[in-house]
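Worksheet: one structure, shown below.
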Amino acid sequence: VQRAATAVSELARNIVSYTPGGRLKLEPIAGTPPRLRIIARDQGPGIPHLPDVLSGKYRSKTGLGRGLRGVKELTASFDIQTGPAGTTVTAEVLL
Ligand SMILES: Nc1ncnc2c1ncn2[C@@H]1O[C@H](COP(=O)(O)OP(=O)(O)O)[C@@H](O)[C@H]1O
Ligand SMILES: [Mg+2]
């Protein structure tokens, strides 16, 4: 739950900070173990420097070591689709 809350908070913060708006969706998935799928979709400008962000070349302004790299480390699966029409992050946390 802590991992899920941190991932949701970082993704929500990015939507508020960098885009005109978006949506967060939480989907519980039954199984052993159960999972929570987090989908963050926005209509912002996209992340053209995504490779630098994920490789650590771009240092997060928060300096907390969180941000998108942190979300990737916290989650069991992580995918970003990004372009000029917006960004969708899909991540799953094992519960
Ligand atoms: N949803 C988004 N839309 C557009 N740009 C984004 C989005 N999320 C992140 N970014 C860009 O990627 C950078 C890195 O994000 P992140 O890893 O969360 O660190 P931080 O938010 O602390 O800068 C941000 O500074 C911003 O330029
Ligand atoms: Mg951030």
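The values are calculated or read from the model by the stated rules, or taken from the named source; none is laboratory data. This one's a predicted model, so the numbers in the text were calculated from it and none came from an experiment. Backbone-built Cβ (ideal geometry, glycine too); neighbour counts: all protein chains shown. Each accessible area value is taken on the protein alone, full model and side chains, heavy atoms only, with ligands, DNA and RNA left out. Shrake-Rupley method; radii C 1.70, N 1.55, O 1.52, S 1.80 Å.
Go over the candidates PRO34, PRO45 one by one and state the one that is at pLDDT 95 or above, over 19 Å from THR90 (Cβ atoms) and open to solvent by less than 100 Å² (accessible area, probe 1.4 Å).
On the way: PRO34 fails: over 19 Å from THR90 (Cβ atoms).
Answer to the selection: PRO45.
So VAL8 ticks every box in (1) more than 16 Å from ligand 2 (Cβ to nearest atom); (2) outside any loop (DSSP other than H, G, I, E, B) but one. Which box is left unticked?
So the condition that VAL8 fails would be (1).
Name the single residue, out of those in segment 59-78 being more than 6 Å from ligand 1 (Cβ to nearest atom) and hydroxyl-bearing (Ser, Thr, Tyr), that is least open to solvent (accessible area, probe 1.4 Å).
My answer is THR75.
Somewhere in segment 25-39, is a residue within 11 Å of ligand 2 (Cβ to nearest atom) and in contact with a helix residue (DSSP H, G or I) (Cβ under 8 Å, 6 or more places away or on another chain)?
Taking every residue of segment 25-39 in turn, none turns out to be within 11 Å of ligand 2 (Cβ to nearest atom) and in contact with a helix residue (DSSP H, G or I) (Cβ under 8 Å, 6 or more places away or on another chain).
Is it fair to say ARG13 is open to solvent by 70 Å² or more (accessible area, probe 1.4 Å) and not in a strand (DSSP E or B)? I'd like the intermediate steps shown before the answer.
Values: open to solvent by 70 Å² or more (accessible area, probe 1.4 Å): yes; not in a strand (DSSP E or B): yes.
The answer is yes for ARG13.
Identify the residue in segment 48-92 that is polar (S, T, N, Q) and assigned to a loop (DSSP other than H, G, I, E, B) and, among all such residues, is farthest from the chain's Cα centre (by Cα). Steps first, please.
Within segment 48-92, the subset polar (S, T, N, Q) is 55, 60, 62, 75, 77, 81-82, 87-88, 90.
When the remaining residues are screened for being assigned to a loop (DSSP other than H, G, I, E, B), the result is 60, 62, 75.
Working: SER60: 14, THR62: 15, THR75: 9 Å.
Looking at residues that are polar (S, T, N, Q) and assigned to a loop (DSSP other than H, G, I, E, B), I get THR62.
Find all pairs meeting these conditions: Cβ atoms under 6 angstrom apart; at least six residues apart or on different chains; first residue within segment 18-33 and assigned to a loop (DSSP other than H, G, I, E, B); second residue surrounded by 10 or more Cβ atoms within 10 Å (Cβ to Cβ) and not basic (Lys, Arg).
The qualifying pairs are THR19/ASP42; THR19/GLY44; PRO33/LEU94; PRO33/LEU95.
Residues of segment 34-47 being under 28 Å from THR19 (Cα atoms) and either of a type outside the set (A, V, I, L, M) or part of a loop (DSSP other than H, G, I, E, B) (or both), which ones? Don't jump to the end; show me each part of the working.
Here is the first cut: in segment 34-47, the ones under 28 Å from THR19 (Cα atoms) are 35-47.
Correct list: ARG35, ARG37, ARG41, ASP42, GLN43, GLY44, PRO45, GLY46, ILE47.
Out of curiosity, is ILE39 closer than 13 Å to VAL93 by Cβ and either under 13 Å from the mean Cα position of the chain (by Cα) or without any contact (Cβ under 8 Å) to a residue 24 or more places away in the chain (or both)?
yes
Would you mind stating whether ALA5 is free of Cβ contacts under 8 Å to residues at least 24 places away in the same chain and not β-branched (Val, Ile, Thr)?
On the way: free of Cβ contacts under 8 Å to residues at least 24 places away in the same chain: yes; not β-branched (Val, Ile, Thr): yes.
Considered against the rule, which asks whether it is free of Cβ contacts under 8 Å to residues at least 24 places away in the same chain and not β-branched (Val, Ile, Thr), ALA5 comes out as yes.
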